[in-house]
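Single-structure report; data block below.
Each reported figure results from applying straightforward, stated rules to the coordinates on display, with no laboratory input. What you see is a predicted model; the values in this text were computed from it and never measured. Cβ atoms come from the backbone with ideal geometry, glycine included; neighbour counts cover every protein chain shown.
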Amino acid sequence: MSKIKSFEDLKVWQDARELNKKMFQILKGKDDKNTGFLINHLFKTSGSIMDNIAEGFERNGNKEFKQFLSISKGSAGELSSQLYRALDAAIINQEEFKELTDITKSIGNQLGSFMSYLKTTSYKGGKF
């Protein structure tokens, strides 16, 4: 296995980036006159997932990284809830909902596993 040198090397960050691309692809043509607040929030929350992974990695310490992964996992849960709201408001259809929800849950599971791994590793990061 190759060494992780940047947050871009992390599969979970790569998957979060793909989720963001998919969100833009699905939502870019949607009418937001009455639902713009929710569409905007969907974009912000999906972006928060990948941004917190990157920020935590760049902190260069295991403890802070776990904290930011936890924030990212929380954002994945928040996005899952928002996707239900988007479905209920007919912003997305059932197929789009399933695709985005499946990706989001996969990322949440990866984050949980990654945090568990970091709790057991002796490596504490370059900061310490």
* Listed residue pairs exceeding 22 Å between alpha carbons, taken from Lys11/Lys73; Lys5/Lys105; Lys22/Lys98; Lys30/Lys73 -> Lys5/Lys105; Lys30/Lys73
* Give the residue from Ser75, Leu10, Leu38 lying farthest towards the positive end of the charge dipole for the chain; charges sit on Cβ (+1 for Lys and Arg, -1 for Asp and Glu) and the dipole is referred to the Cα centre. => Leu10
* Structure fact -> dims of the stretch 9-70, Cα set, principal axes, largest to smallest, nearest Å -> 43, 20, 13
* List, in order, the whole-Hz ³J(HN,Hα) value for each residue of the stretch 19-26 obtained from phi through the Karplus relation with A = 6.51, B = -1.76, C = 1.60 and θ = phi - 60°; use x for Gly and Pro. => 4, 4, 4, 5, 4, 4, 4, 6
* Would you please report the Å³ per residue occupied by the convex hull of the alpha carbon atoms in the chain? => 97 Å³
